[in-house]
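Q: One structure follows; several queries about it will come next.
The values are calculated or read from the model by the stated rules, or taken from the named source; none is laboratory data. What you see is a predicted model; the values in this text were computed from it and never measured. Heads up, the Cβs are rebuilt from the backbone with ideal geometry, glycines too, and the neighbour counts pull from every protein chain shown.
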2 protein chains.
Amino acid sequence: MFGQDAPDVEGRHAAVLSSEGRGARIAMSSFDLAKPVGAMDVNPCGACPVRSLSVCAALEDDELDRLNAIVQSLRLEAHRTVFSEGDPAEHVFNVTSGTVKLYKLLPDGRRQITGFLFAGDFVGLSVNDKLAYTAETVTPVSLCRFPRKRLDALMDDFPKLQRRLFSMASNELAAAQDQMLLLGRKSAREKIASFLLTLSRRAARRGQKENPVHLPMSRSDIADYLGLTTETVSRTFTQLKSSGAIRLLEGGKVDLSDRDGLLDMAEGL
Amino acid sequence: MFGQDAPDVEGRHAAVLSSEGRGARIAMSSFDLAKPVGAMDVNPCGACPVRSLSVCAALEDDELDRLNAIVQSLRLEAHRTVFSEGDPAEHVFNVTSGTVKLYKLLPDGRRQITGFLFAGDFVGLSVNDKLAYTAETVTPVSLCRFPRKRLDALMDDFPKLQRRLFSMASNELAAAQDQMLLLGRKSAREKIASFLLTLSRRAARRGQKENPVHLPMSRSDIADYLGLTTETVSRTFTQLKSSGAIRLLEGGKVDLSDRDGLLDMAEGL
DNA sequence: CCCGTGCCTTGACGTGGATCAAGCGTCGCC
DNA sequence: GGCGACGCTTGATCCACGTCAAGGCACGGG
């Protein structure tokens, strides 16, 4: 119990789930639903590229039909709001491609990004049916959307599903605690090193190569995630570059030239 | 789903559960088991003072017998380690009285306290069967201890129990996100104001009065929770005192004289 | 009773990262 | 092709908080 079947802790702060669900038809305000593509997706979840990473890993092929029946597939451009802090929590979402950021704001506009979501990651847990943070796309994104009530009902039928969600929530919690350590006690250099390594590990988990890390988000997003300013993020990158620990490549990629050095740096050694 | 039956979010970062379980007999290394006290506790969980706050609220009186059967009651003095980062996660615990702190360390000794636990709070979620943080008593503490495997089995029989734990984990996650905002983006004054208000609200939830807040933990614990130093915590307290927002009472109590002022302060207004 | 130990407070000073302020390259648009 | 917008970098300066140091106070033990 408590997470042993989802052995991933890297810096996600809002759980994981999956399915490449298509075939949904109900038009929704402000979202483009992906079009059904025909016979091939009788059970699109069964063919989902991120299935193994997500909630859906808890279900067998035949059980996936049930998920399939309630899922809608959405596509969003970059820099769109998926939902806002305080919204009623009517759906939960699963990212199937692209990057999403979650954040909270103070009244004066200060922002804390609490997590980045990539393919396979899940979002929508809430308290009192109100969402506690805003979700915004960083890149173009595809999402699976599940009505909460329907998914809730599914959890009654499939305890495995509930287990999986619980285990993922436990992982989130562990990642959140790591982030608290980072925010409360690490220096700018340590924060950046930790961040790069975390992204690298998460990419590896998704089956991408771990070395040149892709940073789809802006300096300012990184700053708001690490409790820094864009200037400090920028200066720290150039400093790491000068010291030979990393190389900045084009296309928002970073080469972790001295991974061991970064590992030590992340821990303050 | 996802938390609506546990509408509490205040700064806990490791869930809630309960039962004043006694009658356990198996001696355990390094813990004093509370003695069975006889006929009165045939079902001690049924009479648990923190039951309504905790996991146990998910079960009916008769079902509690099952919990009762696997619980052990422990008492620990102040400043004892309950478990350490990296330990195998063989038990989960529920605090029935006293205060516990959870923390993570960096190799050079920097410490981040990720949460304080009070009566009703629950701890022991883990990833990969390894605990990700250390738990240490702040005051004398009583705990209920459940073997993970047994509790796991119970969850299969009582889906309500699993739901409850999941919902509590969701609450923890929300609290953790609030703490990230605090650590990453708030000033020392805002941190202290937030901290005092959070403790006050949590005390109210436990049925204690919310105004003179009790601070059982040291300045240095507060500092390590808020990402500050003891000196800054101390200075900020005296500053709040001078401005009339709080009064420091004896016995580690603080009077929140200007609650509205503190509320604004906590949000940066 | 004295002394040591811990915890808290206060003061003086130093500094990491924030703030303020240019530049610079890239991109989309007219 | 020119030009504004935007994101990134870099430099100069500032300041909130950390660091270092000292002293007060409560408590416990010899």
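Q: For residue B:234, state whether it is away from DNA strand C (no atom under 13 Å from the Cβ), over 17 Å from residue A:180 (Cβ atoms) and at pLDDT 95 or above.
A: no
Q: Here's something else I'd like to know. Pairs needed: first member in the stretch A:233-252, more than 14 Å from every other protein chain (Cβ to nearest Cβ) and outside any helix (DSSP H, G or I); second member anywhere, away from DNA strand C (no atom under 13 Å from the Cβ) and of a type in the set (Val, Ile, Thr); C-beta distance under 7 Å; at least 6 residues apart or different chains.
A: Close Cβ pairs (under 7 Å, with a partner that is away from DNA strand C (no atom under 13 Å from the Cβ) and of a type in the set (Val, Ile, Thr)) amount to A:246/A:254; A:248/A:254.
Q: Pull up the stretch A:237-251, narrow it to residues that are at pLDDT 95 or above and of a type outside the set (A, V, I, L, M), then point me to the one that is nearest to DNA strand D (Cβ to nearest atom).
A: Taking the candidates together, the pick is A:238.
Q: Kindly indicate which of A:115, A:120 is among the small types (Gly, Ala, Ser), farther than 19 Å from residue A:226 by Cα and either modelled with pLDDT of 95 or more or buried (at least 18 other Cβ atoms within 10 Å of the Cβ) (or both).
A: Testing whether each residue is among the small types (Gly, Ala, Ser), farther than 19 Å from residue A:226 by Cα and either modelled with pLDDT of 95 or more or buried (at least 18 other Cβ atoms within 10 Å of the Cβ) (or both) leaves just A:120.
Q: Follow-up. Quick check: is even one residue across the stretch B:239-251 at negative phi, aliphatic (A, V, I, L, M), surrounded by fewer than 20 Cβ atoms within 10 Å (Cβ to Cβ) and in contact with a helix residue (DSSP H, G or I) (Cβ under 9 Å, 6 or more places away or on another chain)?
A: In the first step, residues of the stretch B:239-251 are kept if they are at negative phi; the result is B:239-243, B:245-250.
Filter again for aliphatic (A, V, I, L, M), leaving B:240, B:245-246, B:248-249.
Okay, now just the ones that are also surrounded by fewer than 20 Cβ atoms within 10 Å (Cβ to Cβ), so B:248-249.
Imposing the further condition that a residue be in contact with a helix residue (DSSP H, G or I) (Cβ under 9 Å, 6 or more places away or on another chain) reduces the set to B:248.
Checked the stretch B:239-251: at least one residue is at negative phi, aliphatic (A, V, I, L, M), surrounded by fewer than 20 Cβ atoms within 10 Å (Cβ to Cβ) and in contact with a helix residue (DSSP H, G or I) (Cβ under 9 Å, 6 or more places away or on another chain).
Q: Just one of the numbered conditions (1) in contact with a Lys or Arg (Cβ under 9 Å, 6 or more places away or on another chain); (2) within 15 Å of DNA strand C (Cβ to nearest atom); (3) among the hydrophobic types (A, V, I, L, M, F, W, C) is not true of residue B:175; which one?
A: Residue B:175 satisfies every listed condition except (2).
Q: Further question: Which residue is surrounded by the most Cβ atoms within 10 Å (Cβ to Cβ), if the candidates are limited to the stretch B:137-164 and must be in a helix (DSSP H, G or I) and touching a strand residue (DSSP E or B) at 6+ places or on another chain (Cβ under 8 Å)?
A: Of everything passing the filter in the stretch B:137-164, B:151 is surrounded by the most Cβ atoms within 10 Å (Cβ to Cβ).
Q: For the stretch B:145-190, which positions are within 16 Å of DNA strand D (Cβ to nearest atom) and more than 7 Å from chain A (Cβ to nearest Cβ)?
A: Matches in the stretch B:145-190: B:182, B:186, B:187, B:188, B:189, B:190.
Q: Kindly indicate whether residue A:196 is in contact with a helix residue (DSSP H, G or I) (Cβ under 8 Å, 6 or more places away or on another chain), facing chain B (nearest Cβ under 9 Å) and buried (at least 21 other Cβ atoms within 10 Å of the Cβ).
A: No.
Q: Another question, if that's okay. Could you list, in sequence order, the residues of the stretch B:204-223 that are within 14 Å of another protein chain (Cβ to nearest Cβ) and either within 11 Å of DNA strand C (Cβ to nearest atom) or more than 18 Å from the chain's Cα centre (by Cα) (or both)?
A: Across the stretch B:204-223, the qualifying residues are B:220, B:221, B:222, B:223.
Q: Can you tell which of B:128, B:94 is of a type in the set (S, T, N, Q) and facing chain A (nearest Cβ under 7 Å)?
A: When all the criteria are applied, what remains is B:128.
Q: Pick out the one residue from B:255, B:260, B:224 that is touching a strand residue (DSSP E or B) at 6+ places or on another chain (Cβ under 6 Å), away from DNA strand D (no atom under 14 Å from the Cβ) and acidic (Asp, Glu).
A: Selected residue: B:255, the only one of B:255, B:260, B:224 that is touching a strand residue (DSSP E or B) at 6+ places or on another chain (Cβ under 6 Å), away from DNA strand D (no atom under 14 Å from the Cβ) and acidic (Asp, Glu).
Q: Quick check on residue B:193: is it at negative phi, away from DNA strand C (no atom under 12 Å from the Cβ), at pLDDT 95 or above and not hydroxyl-bearing (Ser, Thr, Tyr)?
A: yes
Q: When the stretch B:75-123 is examined, which residues are found to be of a type outside the set (A, V, I, L, M, F, W, C), under 23 Å from residue A:182 (Cβ atoms) and in contact with a helix residue (DSSP H, G or I) (Cβ under 7 Å, 6 or more places away or on another chain)?
A: Correct list: B:101, B:103, B:104, B:110, B:111, B:112, B:114.
Q: Which condition from (1) within 16 Å of DNA strand C (Cβ to nearest atom); (2) away from chain B (no Cβ under 14 Å); (3) within 21 Å of the chain's Cα centre (by Cα); (4) crowded, with 21+ Cβ neighbours inside 10 Å is the one that residue A:227 breaks?
A: That leaves (2) as the condition not met.
Q: While we're on this one: Any residue that is within 11 Å of DNA strand D (Cβ to nearest atom) and hydroxyl-bearing (Ser, Thr, Tyr) - is there at least one of those in the stretch A:196-218?
A: Yes, the conditions are met somewhere in the stretch A:196-218.
Q: Quickly run through the stretch B:179-197 and pick out the residues that are of a type in the set (A, V, I, L, M) and within 11 Å of residue B:225 (Cβ to Cβ).
A: Passing the criteria: B:182, B:183, B:192.
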